[in-house]
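Data first, discussion second: the structure below is written as structure tokens.
The values are calculated or read from the model by the stated rules, or taken from the named source; none is laboratory data. Given the structure is predicted, the values throughout are model-derived calculations rather than measurements. Positions of Cβ are generated from backbone atoms using ideal geometry, with glycine treated the same way; all protein chains shown enter the neighbour counts.
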Amino acid sequence: MLITYACFVNKNTSKYLDKTLIFNWLAVLTNTKLAMNTKVDLKSNELVSIFHEKTEWNLARVKFLVYFICALFKVQTVCFTTIAEALNGDAQVESNLRRIQRFFAEFVIEMDLFAKIVFSLLPIQAPFRLSMDRTNWKFGGLDINILMISVCYLGVAIPLIWMMLPKKGNSNQKERKALIEHYIRLFGTQSIGSILADREFIGDDWIGDLIGKRVHFYFRIKENMKVKINGKEPQKALWLFNNLPKNTAMSLRKIVKVGTQYVYLSGMKTIDKDGKLTFVIIATYNFDPEALTVYKDRWQIETMFYAKFMIMQSNPLKDAA
């Protein structure tokens, strides 16, 4: 499945990065939505109708957008010159290249509109299993830090909304709450089956906010976090699962206090890739004996981030103009 990513390193990087992330949405989604045994030229006809109806843009603009997406399928690179050679139409390559450059330099894409388009084209129906994660790397002198919510589907994470963080390092609880509230504002809590996240995404306020909204979550917690079961002294979470045989999962039926919030815990003792003993402990909204199996879907967004990073490194576009 084609996952496309481009980064334009200049003073307007955020604007261009948002644009190329939107193309990632569309490339992944249309590749999933339309059967791959259909010719690209035939796919474009269906996509023109879909995007013309959803965006109400003029037809020339819609056709350019669709042809650009289809060209990504053909060439599997974000090099503008190569894409210009693959664009449909009778225009010369130089003319196509100028159209691409003008689009990225000038045209304003309303992100919420595209989020709604992607939502309406998803190959599955709500409620969705969502994954929240963050990717951060340095590209030259620029720090790129993206907090994202994606839909998990058949081993693929389909991006819906994101936030560009103006800093290095972890997101904070305020930023996570803002992103999930943005999602809910667009699509409602009823569209969320559950949300998955790694150890970075813990925090009393953040988890309390999800509990208040009745949003089911599967969050990995640090094994040395202090937890408390009623009537017992606080202890490290790992001690609740320390007596398990390796690679055997267990879900506790008793509710557990983590920080100031009450959650359910599932855990497993295992050996990591470095040969060290480690614990995978998942906090959930309600009791779920399949919690660790559900949590495995979070890896889909990790795979997506890695693929984008590798493609970006091999195609380092510097300017849209």
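Descriptive notes on the structure:
- Filter result for Lys254 (in contact (Cβ under 8 Å) with a residue 12 or more places away in the chain, in the same structural domain as Lys138 (by TED's automatic domain parsing) and loosely packed, with under 14 Cβ neighbours inside 10 Å): yes
- Contacts under 6 angstrom Cβ, first residue in region 175-193 being within 10 Å of Trp162 (Cα to Cα) and of a type in the set (Phe, Trp, Tyr), partner at pLDDT below 95 and not in a loop (DSSP other than H, G, I, E, B), 6 or more apart: Tyr183/Ile149; Tyr183/Ile161
- Residues of region 71-103 satisfying the condition of being in a helix (DSSP H, G or I), crowded, with 20+ Cβ neighbours inside 10 Å and under 22 Å from the mean Cα position of the chain (by Cα): Leu72
- Meets criteria (in a helix (DSSP H, G or I), out of contact with any strand residue (DSSP E or B) (no Cβ under 6 Å at 6 or more places or on another chain) and either closer than 22 Å to Arg199 by Cα or modelled with pLDDT under 85 (or both)) for Ile184: no
- When Gly155, Gly141, Gly169 are checked against the criterion of being more than 24 Å from the chain's Cα centre (by Cα), assigned by TED's automatic domain parsing to the domain that holds Leu196 and over 22 Å from Glu46 (Cα atoms), Gly141 stands alone in meeting it.
- Elements of type strands (runs of 3 or more DSSP E) contained in region 194-251, each with 1 or more residues being touching a Lys or Arg at 6+ places or on another chain (Cβ under 8 Å) and at pLDDT below 95: 226-229
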